[in-house]
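Notes follow once the structure below has been shown.
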């Protein structure tokens, strides 16, 4: 019974006690836009499968260790070249056959030409004999013998002409056949040379001194040895570690507040968090989705760092950034939860129970910055 009386009495006293009020005061505040980001190199080179004829998928055969330091010209990425090497062996076999055919063709053409030259020489000799006999004036020969000599001469003349034409035709044909056989050899030599170059391109070397960074795919998964990737798909990048920046992902709703030159507070995530400062260098031109799965619209902001410690910082580290978008010096403020919102209207409840509309400049750090509607020292109820 006594306990019930005490509880009732306490409730009555609490109901009669006045509500706690808060006074509007002046203070200096900084409005921030918060975002996530990543430490990225200013200069880097993305490595992907090269352009190789009749290849669209490439199996990773070898990769340099992620975050390892590499020298210019060092092998950092290799793709399986079996498919190209098999094609090259086939082409080399075709080339060897074509070279042999060219050699045989040349020998045969030379041999045939020699035979035709001998035949021409024989026809020339027969022609000369027949001409001499036809030119002899001998009254002792009968008319039949003279006609036979003239006929033999005409036949020898025709045979000589045919032998000459055969040789000319062969020489033209020889030139054409050798040219065709040589063209086939040159084409196959070009094919073999191109395949050798393709094999060499499948061995990717570092374009400059830097750090190896693996590139994640659309699913956020990084490549591994033995995995197949498509042509054009980025596999890794070589980054110059001495030139770093933060690339922050700014929400579309906040993008209008972010401008070049604004100061930034940065917290790099690592085995030990690293606090840094920087400045917004530029804002991207195009909005994009956060990721394939996350359709929130964002835009990239590049942030230059005041100080870079290569011993503790490396590309790929994640970061949280707070961009100082607006500074309020001795502004009228009150706790944000005291401001009621009704559509576009903002209002507060005064100690006399009345309501008053207020106009706000900003909401930041749990504080509402009052532009008009309240004076310093006025009290507001929750």
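The numbers here are math on the coordinates, done by the rules we state, and not lab data. Values in this document were obtained by computation on a predicted structure and should not be read as measured data. Because the Cβ atoms are built from the backbone with ideal geometry, glycine has one as well, and the counts that use them run over all protein chains shown.
Given the DSSP H assignment, sum -39500 (n - 2.57) over each helix run of at least 4 residues in the chain and divide by its residue total; what's the result at 222 nm in deg cm²/dmol, nearest 500?
Working: 3 runs with 128 residues, N = 382.
Rounded to the nearest 500, the figure is -12500 deg cm²/dmol.
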In square nanometres and to one decimal, what's the mean projected area of the convex hull around the Cα atoms of segment 20-67?
9.8 nm²
If packing is taken as the mean number of other Cβ atoms within 10 Å per residue, what is the order of 106-112, 123-129, 47-53, 289-295, highest first?
47-53, 123-129, 106-112, 289-295
Can you give me the pair-distance distribution of segment 192-345, C-alpha pairs, 10 Å bins, whole percents?
8, 25, 31, 20, 10, 4, 1, 1
Size of segment 155-256 along its principal axes in angstrom, Cα-based, largest extent first?
104, 33, 28
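For the chain, what relative contact order do you get, as a whole percent, if you take Cα pairs closer than 8 Å and at least 6 residues apart? Each step should come with its number before you reach the end.
Values: 659 pairs, mean separation 112.7, N = 382.
This gives 30 percent for the chain.
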May I ask for the distance between the Cα centers of segment 329-374 and segment 77-147, given as a whole number of Å?
107 Å
List the relative contact order of segment 83-201 as a percent without decimals, with contacts defined as Cα pairs under 8 Å and 6+ residues apart.
53 percent
Let me check the size of segment 83-201 from its C-alpha atoms; what are the radius of gyration and Dmax in Å?
26.0, 90
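What is the ratio of the Cα radius of gyration of the chain to 2.2 N^0.38 Å, with N the residue count, to two decimals? Mind showing how you got there, number by number?
Working: Rg = 46.6 Å, N = 382, 2.2 N^0.38 = 21.1 Å.
Cα-based Rg divided by the globular estimate yields 2.21.
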At the level of C-alpha centres, the distance separating segment 265-310 and segment 220-238, in angstrom, is 24 Å
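How large, in Å, is segment 221-312 by the Kirkwood hydrodynamic radius built from its alpha-carbon pairs?
Values: mean 1/r = 0.0635 Å⁻¹.
It works out to 15.8 Å.
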